[in-house]
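What follows is a single structure, written as structure tokens, with notes after it.
The values are calculated or read from the model by the stated rules, or taken from the named source; none is laboratory data. On a predicted model such as this, the values are computed, not experimentally measured, just so you know. Please note: Cβ atoms are built from the backbone with ideal geometry, for glycine as well, and neighbour counts cover all protein chains shown. The protein model used for the area step is the full one, side chains on, heavy atoms only, and it has no ligands, DNA or RNA in it. Shrake-Rupley method; radii C 1.70, N 1.55, O 1.52, S 1.80 Å.
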Amino acid sequence: MPEITKSVEEQLQILARGAEAIFTEEELKKKLEKSKSSGKPLRIKLGLDPTAPDIHLGHTVVLRKLRQFQDLGHQAVLIIGDATARIGDPTGKTATRPILSDTEIEANLKTYLAQVDGILDVKNLEIVHNNSFFSQMRFDDVMRLAGKMTVARMLERDDFSKRYKNGAPISLHEFFYPLMQGWDSVMVKSDVELGGTDQTFNNLVGRDLQRDDGQEPQVVLVMPILPGLDGVQKMSKSLDNYIGVSDTPREMFGKVMSIPDNLMRDYFILLTDLPGEKFTGIIKEDPRAAKGMLGREIVSIYHSPEEAQAADEEFTRIFAEKQLPDEMPEIKIPASELENGEIWICKLMTLCKHAPSTSEARRLVQAGAVTLDGEKISDPKGQVVPKSGQILKSGKRRFAVLKV
């Protein structure tokens, strides 16, 4: 583990970058001062529930903050919520979530850890499965924990209060989620807990439970929720507005180049370590060049600088040298239209409204007027494997960006 070599002021400056709120910054300063003088690293907690198999860049915002604490010499504690995942975080939900099976949780967990390995310093990472202590609790232990929180306090949460006012059901077990997440903090004796802004209530419960247990309450540092590629809703796989950490360099770079200009500053701050003077000016002067810089930086983080440069050059070759229009319609290709990941090229053309019929699509293909990402399609009977970000061109004026 790295030694704590930076001053408290330097640490605060690094840790405050991009943070939405710190409860409280003065407490964090005191903890850092104590850690610096004693040489004892702080314990930084982040909980992850393996409720889905893939991690996208929205998830990496808090993971990267945890890595910053690691690089400063502090102890990262990753809570794997194999107990809390059975309930599912009710935050932002309008209905009770289904309880996951052990098989689903275990499968998701394997892919989570593999993807986290590329972001955190796993050699110096303390991993705690919260089922290791929740599974040992007797019913009277559960009752004592439940007695530490009132229903009125739970209904302070917007999602619970809205559901209650609207007459939507709230299952009793959902009230246990904030309690369980807070009890994690007691069990691992965390000094700081990280989370997104949507986790603020849950994180603050940890402070209350630690105080009740006689521990010094943790500082809560919350990060903004990363907007997705549409620039409106949060990044989400279900909304198809995400960049996955396992995306290919080509996919990753192309998606970055598609983000709205007003997202660039947040993406630079939350997804890279580049200092502000590196990107602030270029965002204003040349947004396209700024996106190229952002794309190269992100691809370099999750792949390599060489692959980032190759992705940039390929993007330039396809988009700039082929003189593609600045605005092209995005066409979503339903999974139901694919067979083993493939689709008949003429069917794809009709879905993109590049031809009124498959017979007209055949004629265009036979005439050599159809390309997919710059590669000519010559077989009218051929199958293609569509991928998000690919450009279908038919004739001289018809373009479509595929979303699969």
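Using the Cβ-Cβ distance between Phe133 and Lys332 with R0 set to 56 Å, the FRET efficiency works out to roughly 0.80. For Lys45, nonlocal amide neighbours, meaning residues 5 or more places apart or on other chains whose placed amide H falls under 5 Å from its own, are Val77, Asp191, Val192, Glu193, Leu194.
Once Cα extents along the principal axes in Å is calculated for the structure shown, the corresponding label among [x] 58, 49, 42; [y] 78, 49, 37; [z] 80, 45, 44 turns out to be [y]. Once backbone amide H atoms are built at 1.01 Å from N, Ile377 has Val370, Thr371, Leu372 as its partners under 5 Å, excluding neighbours fewer than 5 places away on the same chain.
Restricting the calculation to Cα atoms, region 231-355 shows an Rg/Rh of 1.00 when the hydrodynamic-style radius is the Kirkwood one. Heavy-atom accessible surface of Asp208, to the nearest 10 Å², is about 50 Å², with a 1.4 Å probe and all protein chains retained. Selection among Val116, Met264, Ser7 by position relative to the dipole of the chain gives Met264 as farthest towards the positive end (Cβ unit charges, Cα centre). Farthest toward the positive end of the dipole of the chain, out of Gly58, Gln366, Ser190, is the Cα of Gln366, where the dipole comes from beta carbon charges about the Cα centre. Couplings 3J(HN,Hα) of region 347-363, computed from phi: 5, 4, 5, 6, 4, 7, 6, 8, 8, x, 8, 5, 5, 5, 5, 4, 4 Hz, in residue order, whole Hz [Karplus 6.51 cos²θ - 1.76 cosθ + 1.60, θ = phi - 60°; x for Gly and Pro]. Accessible surface comparison of Leu113, Leu32, probe 1.4 Å, protein chains only, largest first: the order is Leu113, Leu32. The phi torsions of region 106-123, fed into the Karplus equation with coefficients 6.51, -1.76 and 1.60 and a -60° offset, translate into couplings of 5, 5, 5, 4, 4, 6, 4, 5, 5, 6, 5, 4, x, 10, 9, 7, 5, 5 Hz, rounded to whole numbers, with Gly and Pro shown as x. Amide H contacts of Ile243: Leu57, Gly58, each under 5 Å away and 5 or more positions distant or on a separate chain (H built 1.01 Å from N in the peptide plane; Pro and chain starts excluded). With a 1.4 Å probe and all protein chains kept in place, how much accessible area does Tyr242 have, in Å² rounded to the nearest 10? About 50 Å², ignoring ligands and nucleic acids.
On region 133-260, 55 percent of the accessible area sits on carbon and sulfur atoms, based on a 1.4 Å probe. From helices alone, the chain scores -12500 deg cm²/dmol at 222 nm; the rule is -39500 (n - 2.57) for each run of n ≥ 4 DSSP H residues, then divide by the residue total.
Charges were assigned to the Cβ only: +1 to each Lys and Arg, -1 to each Asp and Glu. The resulting dipole of the chain about its Cα centre is roughly 820 debye. Rolling a 1.4 Å probe across all protein chains gives Met143 an accessible area of roughly 110 Å². Figure note: Leu338, Leu392 ranked by solvent-accessible area, largest first, 1.4 Å probe, ligands and nucleic acids not counted: Leu338, Leu392.
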